[in-house]
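The values are calculated or read from the model by the stated rules, or taken from the named source; none is laboratory data. Note that this is a predicted model, so its numbers are computed, not measured. Quick reminder, even Gly has a Cβ in these numbers, built from the backbone with ideal geometry, and neighbours come from all protein chains shown. Protein only, heavy atoms only, side chains kept; ligands, DNA and RNA dropped before computing areas. Shrake-Rupley method; radii C 1.70, N 1.55, O 1.52, S 1.80 Å.
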Amino acid sequence: KAELKGDRFAGALHSLTNVLRPWGMESTRNNFYFYSEFVIFHIAVVLTIGATFLIPLVPQLMTPVISKIFMLFMGLAFLIGLRRIYRRATAPEIRIISSPDDFFAITLMTVFFGVGFVTMYLWIQGYPDTGWMWLFFLMTTFFLVYVPFSKISHYVLYPFGRVNFGMTFGGRGVLNKG
């Protein structure tokens, strides 16, 4: 209820783009490798889900070059997913805070990237009407139903939460200098 002392829009923008400033958080500043994995993994999520819309709606956009870029991110995210599964299962400090949903979600995403990689490879080779394509679309459909009930929901909720957080603290003048 206090009078606004700062710019709510600037606060929202700052909060929303915080993920693009790894130097601003100690965890990412001190371990750039994990931050790089995070970035690749999340770009791959966007591209993998995007491919399921682009292929049927604008297939001409999915040229071999574009498809190979998608494949590269899917392949890297698949490897990152395997490493994350291994780390979650073997690192005692991570395993103790992991729920069955954590394991299920990361395993499902890793499989999704693997299926997407194979699907894009077959797309480039000119074999789009395969069981892999159907599996790829089926997995995307499953995600649309599963995400609201899982930890993957952060993907949809993150922007709303960050904007709300930023508007609150931006309006309180937290970003004001001096």
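Of all accessible surface on the chain at a 1.4 Å probe, what whole percent is carbon and sulfur?
Carbon with sulfur: 72 percent of the solvent-accessible area.
Along the charge dipole of the chain, pointing to its positive end and built from +1/-1 on Cβ of Lys, Arg, Asp and Glu, which listed residue (Leu57, Leu4, Trp132) has its Cα farthest out?
Leu4
Return the tail of the calculated pair distribution for the stretch 1-83, meaning the percent of Cα-Cα pairs more than 18 Å apart. Intermediate results must be reported in sequence, preceding the final value.
Values: 2045 of 3403 pairs.
Value for the stretch 1-83 (Cα pairs over 18 Å): 60 percent.
Can you tell me the 0 to 90 degree angle between the C-alpha axis of helix 32-57 and the longest principal axis of the chain, rounded to 10?
The angle comes out near 60 degrees.
May I have the convex hull volume per residue, in Å³, for the Cα set of the stretch 1-48? Before the final figure, lay out each step's value.
Values: hull volume 5.2 nm³, N = 48.
Cα-based convex hull of the stretch 1-48, divided per residue, equals 108 Å³.
Taking the alpha carbon gyration tensor of the stretch 102-178, what are the square roots of 5 times its eigenvalues, largest first, to the nearest whole Å?
Listed largest to smallest, the semi-axes of the stretch 102-178 are 39, 15, 10 Å.
How many percent of all Cα-Cα pairs in the stretch 47-132 sit more than 15 Å apart?
60 percent
For the chain, what is the accessible area per residue in Å², given a 1.4 Å probe and the full set of protein chains? Display every interim value, and only then the final one.
Details: 11260 Å² over 178 residues.
Using a 1.4 Å probe on heavy atoms only, each residue of the chain averages 63 Å².
Between Val111 and Arg172, how high is the FRET efficiency from 1/(1 + (r/R0)^6) when r is the Cβ-Cβ distance and R₀ = 45 Å? Nearest 0.05. Mind dumping the intermediate values first?
Values: r = 44 Å, r/R0 = 0.97.
FRET efficiency, Val111 to Arg172: 0.55.
On full extension of the chain, what length is gained from Arg95 through Leu157, given 0.36 nm per residue of separation minus the C-alpha to C-alpha distance?
So the extension gain works out to 19.8 nm.
Among 111-123, 32-44, 95-107, 72-84, what's the highest-first ranking by average C-beta atoms within 10 angstrom per residue? Intermediate values should be presented prior to the final figure.
Details: 111-123: 21.9, 32-44: 15.3, 95-107: 12.9, 72-84: 19.3.
Ranking the peptides 111-123, 32-44, 95-107, 72-84 by packing returns 111-123, 72-84, 32-44, 95-107.
Once the convex hull of the C-alpha atoms of the stretch 65-106 is built, how many Å³ does it hold per residue, rounded to a whole number? List each step's numbers first, then the result.
Working: hull volume 2.4 nm³, N = 42.
Cα convex hull per residue, to the nearest whole number: 56 Å³.
Taking +1 at the Cβ of each Lys and Arg and -1 at the Cβ of each Asp and Glu, which of Met25, Phe142, Ala89 sits farthest along the dipole of the chain towards its positive end, judged by Cα position relative to the Cα centre?
About the Cα centre, the residue reaching furthest to the positive side is Met25.
Take peptides 167-173, 3-9 and line them up by average Cβ neighbours within 10 Å, highest first, as a rough protection proxy.
In decreasing order of mean packing, 167-173, 3-9 become 167-173, 3-9.
Calculate the all-directions average of the projected area of the chain's alpha-carbon convex hull, and give it in nm².
That works out to 13.5 nm², a quarter of the Cα hull's surface.
Pairs of Cα atoms under 8 Å, at least six residues apart: use those to get the relative contact order of the chain, whole percent. Mind showing how you got there, number by number?
Values: 159 pairs, mean separation 76.2, N = 178.
Averaging sequence separation for qualifying contacts and normalising by length gives 43 percent for the chain.
Over the C-alpha atoms of the stretch 35-84, what are the Rg and the largest Cα-to-Cα span, Dmax, in Å?
That works out to 11.4, 35 Å for Rg and Dmax.
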